[in-house]
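J.: What follows is a single structure, and I will ask about it in a moment.
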Amino acid sequence: MDPDGDPLTYRWELKPESGATQVGGDHEEAIRNLDGFIEDADSMTVRITAPEPGAYRLFVYAYDGRGHAAHANFPFLVTAGKGR
């Protein structure tokens, strides 16, 4: 629930880290989502299967159903593992 008591809905996305070097509002291509690594992408908490080694960013969006939203993203590095 948000401070007004509205129930929240969530959306999680996993993307490879951007290698873009643009600055100050320059156009930047959208980064593709990596599908199949997030379990329950519409819930408040998620479980992620590690992708191949590399740099990634996990995005979360929260919506209150009244036109308000919040978002955050978390960078992380996978250094070893099976991958997909």
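Just so you know, all these numbers are worked out from the coordinates, no wet-lab data involved. From a predicted model like this one, the values you see are computed outputs, not experimental measurements. Using ideal geometry, Cβ is built from the backbone for each residue, glycine included, and neighbour counts are taken over all protein chains shown.
J.: Could you give the nm distance between label points at residue 2 and residue 72, where each point is 7 Å from its Cα heading toward the beta carbon?
T.: If labels sit at residue 2 and residue 72, their model points lie 1.6 nm apart.
J.: OK, next. For the chain, which semi-axes, largest first and in whole Å, follow from the square roots of 5 times the eigenvalues of its Cα gyration tensor?
T.: On the way: eigenvalues 133, 76, 17 Å².
Three semi-axes, in Å: 26, 19, 9.
J.: While we're on this one: Name the residue, out of 11, 57, 66, whose mean-square fluctuation peaks in a Gaussian network model built on the chain with Cα pairs under 10 Å.
T.: 66
J.: With a 10 Å Cβ neighbour count serving as the proxy for reagent exposure, in which order, fewest first, do 1, 44 appear?
T.: Details: 1 8, 44 11.
Fewest to most other Cβ atoms nearby, the residues stand as 1, 44.
J.: Full-extension gain between residue 57 and residue 11, please, as 0.36 nm times their residue separation minus the C-alpha to C-alpha distance.
T.: On the way: separation 46, 0.36 × 46 = 16.56 nm, distance 1.40 nm.
So the chain would gain 15.2 nm between residue 57 and residue 11.
J.: Let me ask something additional. Name the residue, out of 36, 54, 65, whose mean-square fluctuation peaks in a Gaussian network model built on the chain with Cα pairs under 10 Å.
T.: 65
J.: With charges only on Cβ, +1 for K and R and -1 for D and E, what is the dipole size of the chain about its Cα centre, in debye, rounded to 20? Mind dumping the intermediate values first?
T.: Values: 8 positive and 14 negative charges, 75 e Å.
It works out to roughly 360 debye.
J.: Starting at the first residue of segment 53-67, write each ³J(HN,Hα) from the Karplus equation 6.51 cos²θ - 1.76 cosθ + 1.60 with θ = phi - 60°, in whole Hz, x for Gly and Pro.
T.: Running phi through 6.51 cos²θ - 1.76 cosθ + 1.60 with θ = phi - 60° gives x, x, 9, 9, 9, 9, 10, 10, 10, 10, 10, 9, x, 10, x Hz.
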